[in-house]
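Notes for the one structure printed next.
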Amino acid sequence: MASTQNWNLGNIFDALDRVMPADATALIHDGRELVWGDFARRTNNLARALVERGAEPDDKVAFYTRNCTEYLETLIACFKARLVHVNVNFRYLDDELAYILDNSDAKFVVFGSEFADRAAALVEKAPKVTHWIQVGAQSTPFAESFDALAENDDGAPLAIERSNDDLLFIYTGGTTGMPKGVMWRAEDLWGALGYGANSPANKGGRPETLEQHIEAVAAYGPGPRQIVACPLMHGTGMLTSIAALMGGASVVTMAGASFDPEQLFDAVDTLGANSIVIVGDAFARPMLKTLEEHPGRWSLASLQLVISSGVMWSREIKLAMLEHMPGTLLADMFGSSEAVGFGASVTAKGGGDKTARFAIGENCKVFTEDHREVVPGSGERGFIARRGPIPLGYYKDEEKTAKTFPTIDGVRYSIPGDWCTVDPDGTLTLLGRGSACINTAGEKVYPEEIEEALKTHPDVEDALVIGLPDEKWGQAVTAVVELRSGGTLDEQAICTYIRERLAGYKTPKRVFSVETMFRGPNGKADYKSATEFARTSVEETTS
């Protein structure tokens, strides 16, 4: 049921602009600090500039940049102008970019200078786009300057009526098919992010009104500093940034086309950062390696929390990291673009559950494929489901919406497709995403379980497991591994290692090595590319 309170995100930021100290840090990127007074002024100016250029409520704005202050400035400006954020994966090429702009009905595109050539090639392919806005010093004839729009006005708020139904899109690729836009209402997003309870200012309580939340933030003062090490263009980085800023905290991002753990730890100590946001082992493994190679180089005294979401975070990596940061909590959050808060696992020095074990979240249940609720301790496998503040569905895809957001016994749920079992105490053991599940000789095999076992092998740095068509098995379990420095591929030894740890049918039939693992910039597995690589490798070895 909709709230009588107006939890519109634009209203929240308008109110924060009035109470946050003008000299309090809002954003930091690559040494550049943007204080709250300038943040408020520039986002108001940008919001007004978009409206003056014909933007109407519900118009879509595509974000085609790497992490930068301008990404978050544009995001907040969209909230204020009642416009819809559309994330664009900066690794996409021409046809993929054109698809996103067309499918989302984007009217505006904000792009980084490094992508100017690709943006220029898109102008004729994206006729729905009416305005192009460029971040950075380089100028192009078809685009306006971002800084000119953000600076050329008096910074006054728009003073417009907004709605709880205003939207934010998160385009998610999943493991199959083209990306789909997940539609979040403002009020539901506020609820999914904890109703304000996660803000230190509210001390774990949920404010009943916007005024109560703003009073608490004003009384608390500027919040902690959070480093978002993963891309803002994906749900983990974006949503944690929104939550931090709504609580008066500051968000720190870093320059560079790839993740640099040394730069990250330098920033923690230099800025006194309190938390880091990552996405699983793709970030944690290089972080651990850097700490091991430079013992004692960083104090990390200010670091209280490392948050991960989106993919599995191995227990072995967590425990090893805690040897270097014993006072830090490691929070593994189970969520997706389609729902937040499925479960959580917090690891401290001297403890921690096995990989993929989570305390079930509020308003969550586990259902079988035919929508029967799984009984804890039964061993039956099911899909995790979340009710309450969840998205409306997928943009322009009613069939996919009906499948992912079904109504069960009169209650609407989000079921993205993550398999799990439920222990007698209600704890979840995550098995993997259903769309990546492998059916080999009638047995269901979940890639993540084998991947985690592979990554404990002394020669394996990273691993993905996929199923290839096979006349005998239906699908043959196939592994693609990235070897550690100095490691060699001994296919038989790796298969023996897995057979000693997991059921025989889970042992890969083939193992191939790749120089760099197939992962997106957010650390999530690119199973499509891994499958193509493995299929080609099989053809080459059998021809």
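The values are calculated or read from the model by the stated rules, or taken from the named source; none is laboratory data. Model, not experiment: these values are computed from the prediction. Cβ: placed from backbone, ideal geometry, glycine included. Neighbour counts: every protein chain shown.
Taken as a whole, the condition of being part of a helix (DSSP H, G or I) and under 30 Å from residue 255 (Cβ atoms) applies to residue 48.
Tally the residues that are buried (at least 22 other Cβ atoms within 10 Å of the Cβ) and closer than 18 Å to residue 69 by Cβ, restricting the search to the range 10-27. Explain how you work it out, then say what you get.
From the range 10-27, those buried (at least 22 other Cβ atoms within 10 Å of the Cβ) are 10-14, 16, 20, 26-27; that's our starting set.
The next check asks that each one be closer than 18 Å to residue 69 by Cβ; those that pass are 13, 16, 20, 26-27.
Residues that pass the stated criteria total 5.
Looking at the range 472-487, which of the residues that are under 23 Å from residue 436 (Cα atoms) and in a loop (DSSP other than H, G, I, E, B) is modelled with the lowest pLDDT? Taking the candidates together, the pick is 472.
With 137, 156, 126 as the choices, which residue is surrounded by 17 or more Cβ atoms within 10 Å (Cβ to Cβ) and either touching a strand residue (DSSP E or B) at 6+ places or on another chain (Cβ under 9 Å) or not in a helix (DSSP H, G or I) (or both)? Please lay out each step first, then the result.
On the way: 137 fails: surrounded by 17 or more Cβ atoms within 10 Å (Cβ to Cβ); 156 fails: surrounded by 17 or more Cβ atoms within 10 Å (Cβ to Cβ).
None of the other options fit; the residue is 126.
For the residues 297, 315, 285, the requirement of being under 24 Å from residue 426 (Cα atoms), among the basic types (Lys, Arg) and over 17 Å from the mean Cα position of the chain (by Cα) singles out 315.
Of all residues in the range 479-508, exactly one satisfies the criterion of being touching an Asp or Glu at 6+ places or on another chain (Cβ under 8 Å), buried (at least 18 other Cβ atoms within 10 Å of the Cβ) and farther than 23 Å from residue 524 by Cβ, namely 494.
Among 56, 70, 52, which is charged (D, E, K, R) and closer than 19 Å to residue 238 by Cα? Steps first, please.
Numbers: 56 fails: closer than 19 Å to residue 238 by Cα; 52 fails: closer than 19 Å to residue 238 by Cα.
The conditions single out 70.
For the condition surrounded by 18 or more Cβ atoms within 10 Å (Cβ to Cβ) and under 25 Å from residue 278 (Cα atoms), what is the one hit in 534, 476, 525?
Working: 534 fails: under 25 Å from residue 278 (Cα atoms); 476 fails: under 25 Å from residue 278 (Cα atoms).
From the options 534, 476, 525, the qualifying one is 525.
One residue is enough: does the range 493-507 have a residue meeting the conditions in a loop (DSSP other than H, G, I, E, B) and within 29 Å of the chain's Cα centre (by Cα)? So that I can check it myself, show each step before the final result.
Of the range 493-507, the ones in a loop (DSSP other than H, G, I, E, B) are 500-503, 507.
Those left that are additionally within 29 Å of the chain's Cα centre (by Cα): none.
No: zero hits.
State whether the residues of the range 78-99 include one that is of a type in the set (Val, Ile, Thr), assigned to a helix (DSSP H, G or I) and modelled with pLDDT of 95 or more. No, there is no match, as no residue in the range 78-99 is of a type in the set (Val, Ile, Thr), assigned to a helix (DSSP H, G or I) and modelled with pLDDT of 95 or more.
Counting residues in the range 182-200 that are touching an Asp or Glu at 6+ places or on another chain (Cβ under 6 Å), basic (Lys, Arg) and farther than 30 Å from residue 467 by Cβ gives one or more.
Here residue 321 meets the list (1) within 23 Å of residue 302 (Cα to Cα); (2) modelled with pLDDT of 90 or more; (3) more than 23 Å from the chain's Cα centre (by Cα); (4) not polar (S, T, N, Q) almost entirely, failing just condition (3).
Matching residues to (1) surrounded by fewer than 24 Cβ atoms within 10 Å (Cβ to Cβ); (2) of a type in the set (A, V, I, L, M); (3) in contact with a helix residue (DSSP H, G or I) (Cβ under 8 Å, 6 or more places away or on another chain); (4) not assigned by TED's automatic domain parsing to the domain that holds residue 520:
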| residue | (1), (2), (3), (4) |
| --- | --- |
| 58 | yes, no, no, yes |
| 61 | no, yes, yes, yes |
| 68 | yes, no, no, yes |
| 71 | no, no, no, yes |
| 98 | yes, yes, yes, yes |
| 101 | yes, yes, yes, yes |
| 104 | yes, no, no, yes |
| 116 | yes, yes, no, yes |
| 120 | yes, yes, no, yes |
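Filtering the range 411-439 to residues that are modelled with pLDDT of 85 or more, buried (at least 22 other Cβ atoms within 10 Å of the Cβ) and part of a strand (DSSP E or B) leaves 414, 418, 420, 422, 428, 438.
For the range 508-531, give me each residue that is over 25 Å from residue 230 (Cβ atoms), under 30 Å from the mean Cα position of the chain (by Cα) and either assigned to a helix (DSSP H, G or I) or not β-branched (Val, Ile, Thr) (or both). Selection gives 508, 512, 513. With respect to the stated conditions, residue 126 fails to be within 19 Å of residue 74 (Cα to Cα) and out of contact with any Lys or Arg (no Cβ under 7 Å at 6 or more places or on another chain).
Please go through the range 113-123 and give me each residue that is assigned to a helix (DSSP H, G or I) and over 17 Å from residue 103 (Cβ atoms), ordered by number. Outline the logic, then answer.
If we filter the range 113-123 for residues that are assigned to a helix (DSSP H, G or I), which is where we start, we get 113-122.
Hits for the range 113-123 are 113, 114, 115, 116, 117, 118, 119, 120, 121.
The residue that is nearest to residue 158 (Cα to Cα), counting only those in the range 19-48 that are touching a residue at least 60 places away in the same chain (Cβ under 8 Å) and basic (Lys, Arg), is 48.
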